[in-house]
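Here the structure comes first, spelled out in structure tokens, and everything after it is commentary.
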């Protein structure tokens, strides 16, 4: 038998899921804005520099995996090169260099 209390719990759980999803997207929105502002000021930066900037200026920061997802999936940011890095323990590895697309960098110049 379904009571009135049970019938109301389903919409509440759906509402909670939607709110959590909205909070997650808001977090990446703030992260995207922070990255775009940083790249607009610097011109270009590698993934490590962006990660250090974000983690030093935002209260909770981000993970390298989440940063990589945001950088690779955002249409306003593009990868322009890769650089080789050498670590004492990890050997040599490549890091991507990122910049804003030209139409994003100078929106006032577009017609």
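The values are calculated or read from the model by the stated rules, or taken from the named source; none is laboratory data. Remember, predicted model here, so these are calculated numbers, not experimental data. Cβ placement follows ideal geometry from the backbone for every residue including glycine, while neighbour counts extend to all protein chains displayed.
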Exercise for the section: Taking residue 74 as meeting all but one of (1) within 9 Å of the chain's Cα centre (by Cα); (2) touching a residue at least 40 places away in the same chain (Cβ under 8 Å); (3) exposed (fewer than 11 other Cβ atoms within 10 Å of the Cβ), write down the number of the exception. Expected result: (3)
Completion exercise
Apart from one, (1) loosely packed, with under 12 Cβ neighbours inside 10 Å; (2) closer than 20 Å to residue 30 by Cβ; (3) at pLDDT 95 or above all hold for residue 67; the odd one out is (1)
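Test residue 32 against the stated conditions and say whether it is more than 15 Å from residue 96 (Cβ to Cβ) and modelled with pLDDT under 95.
Working: more than 15 Å from residue 96 (Cβ to Cβ): yes; modelled with pLDDT under 95: no.
Spelling it out, it is not the case that residue 32 is more than 15 Å from residue 96 (Cβ to Cβ) and modelled with pLDDT under 95.
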